[in-house]
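This report concerns only the one structure given below.
The values are calculated or read from the model by the stated rules, or taken from the named source; none is laboratory data. None of the values given here were measured: they were computed from a predicted structure. For neighbour counting, all protein chains shown are included, and Cβ atoms are generated from backbone atoms with ideal geometry for every residue, glycine included.
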Amino acid sequence: MSKAKKKPAKRKVIRLDNEQRRAELLAMGQAAFAKKPYDEVSIDDLAAKAKISKGLFYYYFPTKRDLYIAGLRETSRGLTKTLTSVPRDLPPRDRATAAVDAYLDSVAKLGPAFIALMRGAIGSDPRVSEVVEAVRRGIADEFFASPVGRLLESKPLSRVAIRGWIGMVEAASIEWLADRNVARDGVRELLVDQLFSVLTGVVGSGGLAKLEAGRKR
């Protein structure tokens with residue numbers, strides 16, 4: 001008698017709770033959007049990779065755009081968290097250097113995800129604008145929460161100056177990502193120097209000298 005054929009072992013299915021599953025799908029989406037243009041990312045492919053039905057995928061993210069926006073929000077939270085981790089009681093120039101360093105570290109890790117965040121890769125969408133604005137507002141608020149920032153906030157021009165500098169930081173970071181022949185330390189020093197140049201226009205050279213006194217510990 002021939003031996004009965006063994007039944008193939010059933011593949012073990014790992015069941016995740018809702019939060020775990022959503023986090024997994026979000027991470028997959030972020031990775032996909034970092035590698036491909038928005039239009040080339042397929043929900044079918046992502047669902048297959050996650051070993052779930054397309055319908056279940058849409059339970060967590062009703063549309064591809066919802067997935068994309070959620071990824072941008074996660075990116076923005078990471079950037080803001082990076083900046084808020086820098087101690088506020090450091091001397092002004094030391095704190096600015098540490099903050100720009102931390103920002104560039106995050107930008108380097110995010111790569112295409114950062115560019116997608118700042119350029120709004122899927123065109124004009126109010127939700128994308130809200131996410132980008134939240135990042136810019138978070139950076140400005142963090143600056144004005146420092147001892148120096150609190151002193152400067154009484155001057156109406158200060159917020160205009162800082163928001164303008166933030167725009168420069170974004171543009172310089174994108175250019176640096178595109179051309180890594182530019183030294184990272186050079187980008188950092190440029191941005192820090194430009195911050196203090198901008199502040200000169202707000203407080204004058206005498207006021208800046210007082211801020212610069214924080215260079216030496």
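Just to check your reading of the model, which residue among Gly55, Gly78, Gly29 is farther than 21 Å from Leu117 by Cβ and in a helix (DSSP H, G or I)? Of the residues listed, the single one that is farther than 21 Å from Leu117 by Cβ and in a helix (DSSP H, G or I) is Gly55. Just to be sure, is Leu67 of a type outside the set (D, E, K, R), assigned by TED's automatic domain parsing to the domain that holds Asp179, touching a residue at least 12 places away in the same chain (Cβ under 8 Å) and assigned to a helix (DSSP H, G or I)? The answer is no for Leu67.
Of all the listed residues (Arg22, Arg15), the sole one being out of contact with any strand residue (DSSP E or B) (no Cβ under 6 Å at 6 or more places or on another chain), at pLDDT below 85 and either surrounded by 10 or more Cβ atoms within 10 Å (Cβ to Cβ) or more than 22 Å from Phe114 (Cβ to Cβ) (or both) is Arg15. A Cβ distance below 8 Å, combined with a sequence gap of six or more or placement on separate chains, defines the contacts here; from the range 86-100, residues that are in a loop (DSSP other than H, G, I, E, B) reach residues that are crowded, with 19+ Cβ neighbours inside 10 Å and among the polar types (S, T, N, Q) in the pairs Arg88/Ser146. If I filter the range 102-113 for residues that are modelled with pLDDT of 90 or more and aromatic (Phe, Trp, Tyr), do I get at least one hit? Yes, some residue in the range 102-113 is modelled with pLDDT of 90 or more and aromatic (Phe, Trp, Tyr).
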